[in-house]
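Right, one structure below, let's go through it.
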Amino acid sequence: VLSFIIFICYIASLAASFMMAPLLEFLLALFLFFAYASKLNEKFKGLYWPLADFLRCVTAAIIYFAISIAAVSKYNDGASKAAGVFGFIATIVFAIDFYITFNDLVTVLKQGTADPPEGRKSE
């Protein structure tokens, strides 16, 4: 929802060149939401879904931080300032999300390496 609000703010502002990043993030988040809701992650095992979600969060936080700094410092209209402020809020939200996702990912990876491989059996 926050990505969609930022997208609308960038459309209404002079910084319309930044509108692609929130749009792509919104569409990617929507895809992942529907993929998890429709259990697509259980059907399609070719992608490690928690890692994909982690990478999405990291890149979104970095991109939102960069374009928010540019929007607030370079443009003077109110919509650009609002998009920048919402972008900083989104940066914080995505940073919290990738911290939580990272902790879950590390826990899953540690559990995966602790189990012996199926090919080896103790004698």
MRE, 222 nm, helices only [DSSP H, n ≥ 4, -39500 (n - 2.57), over the chain, to nearest 500]
-26500 deg cm²/dmol
Label model pair I96, I62: point-to-point distance (7 angstrom along the Cα→beta-carbon line) in nm is 2.3
Roll a 1.4 Å probe over the protein chains and send me the accessible area per residue for the chain in Å².
66
Taking the Cα centre of the chain as origin, work out the dipole magnitude from +1 charges on Lys and Arg Cβ and -1 charges on Asp and Glu Cβ, in debye rounded to 20.
120
Roughly speaking, to the nearest percent, how much of the chain's 1.4 Å accessible area is carbon and sulfur?
72
May I ask you to compute the full-extension gain from N76 to D104, defined as 0.36 nm times their residue separation minus their alpha-carbon distance, rounded to one decimal in nm?
6.0 nm
What net charge do the residues around S3 carry, taking every other residue with its C-beta under 15 Å from that of S3, with Lys and Arg at +1 and Asp and Glu at -1?
-2
If you add up the charges near I96, with Lys and Arg at +1 and Asp and Glu at -1, over every other residue whose beta carbon is less than 15 angstrom from its beta carbon, what do you get?
-2
What distance in nm separates the two pseudo spin-label positions at A52 and A37, each 7 Å out from Cα along the beta-carbon direction?
1.7
I'd like to compare 48-56, 32-40, 82-90: which one has the highest average count of other Cβ atoms within 10 Å, and what's the full order after that?
82-90, 48-56, 32-40
Farthest toward the dipole's positive end in the chain, which of N103, P22, V85, given Cβ charges of +1 (Lys, Arg) and -1 (Asp, Glu) about the Cα centre?
P22
Let me cross-check I8: its accessible surface, 1.4 Å probe, with only protein heavy atoms counted, in Å² to the nearest 10?
80
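The values are calculated or read from the model by the stated rules, or taken from the named source; none is laboratory data. Here the structure is a predicted model, which is why all the values come from computation and not from measurement. In this analysis, Cβ positions are derived from the backbone assuming ideal geometry, glycine residues included, and neighbour counts consider all displayed protein chains. SASA here: full protein model, heavy atoms, side chains in, ligands and nucleic acids out. Shrake-Rupley method; radii C 1.70, N 1.55, O 1.52, S 1.80 Å.
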